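Each reported figure results from applying straightforward, stated rules to the coordinates on display, with no laboratory input. Fair warning: this is a prediction, and the values are worked out from it, not measured in the lab. All Cβ positions, even for glycine, are placed from backbone atoms using ideal geometry, and neighbour counts span all protein chains on display.
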Amino acid sequence: MAKLYADENFPQPAVEALRELGHDVLTTSDSGKASQAIPDEDVLAFATENQRVLVTLNRKHFIRLHREQPDHTGIIVCTFDADFKLLADHVHKALEAVPDMTGQLIRVNRAG
């Protein structure tokens, strides 16, 4: 399973569902970096330094960062879905489809 880093705006219930699916998910809260207004560049750098794929709802900024800084361990940008289990399932399936996330950007969109 994947090693993930969930930024502050990724919902905790989806984090828990990803953990139930067997993923190793570190959150900003777990890492002691919550509520610090850390710049997105630093969030991506932290994920990369810790060999984790970043998972976020902050699509616009991280798509831009992917273009500017393609040397990362992977980024998954998601649209918000209040069905957190379904969101986690979509992330899980995306990870299964791309076994090596190095330098990859995956978009996970809400169904419908």
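Annotations for the structure displayed:
- Part-to-part distance (alpha-carbon centres) for the stretch 16-30 and the stretch 32-104, which is given in Å: 13
- Whole-Hz ³J(HN,Hα) from phi, Karplus 6.51 cos²θ - 1.76 cosθ + 1.60, for the stretch 27-33, glycine and proline x: 9, 4, 5, 4, 8, x, 10
- Sequence-separation-based contact order of the stretch 3-108, relative, with Cα cut under 8 Å and 6+ spacing, percent: 30
- Listed peptides 45-57, 18-30, 74-86, 97-109 by packing density, highest first (mean Cβ within 10 Å): 45-57, 74-86, 18-30, 97-109
- Added length on full extension, which subtracts the Cα-Cα distance from 0.36 nm per residue, residue 68 to residue 98: 8.7 nm
- Span-like helix criteria (full DSSP H runs; alpha carbon extent of at least 27 Å along the helix axis; mean Kyte-Doolittle hydropathy of at least -1.0) are satisfied in the chain by no helix.
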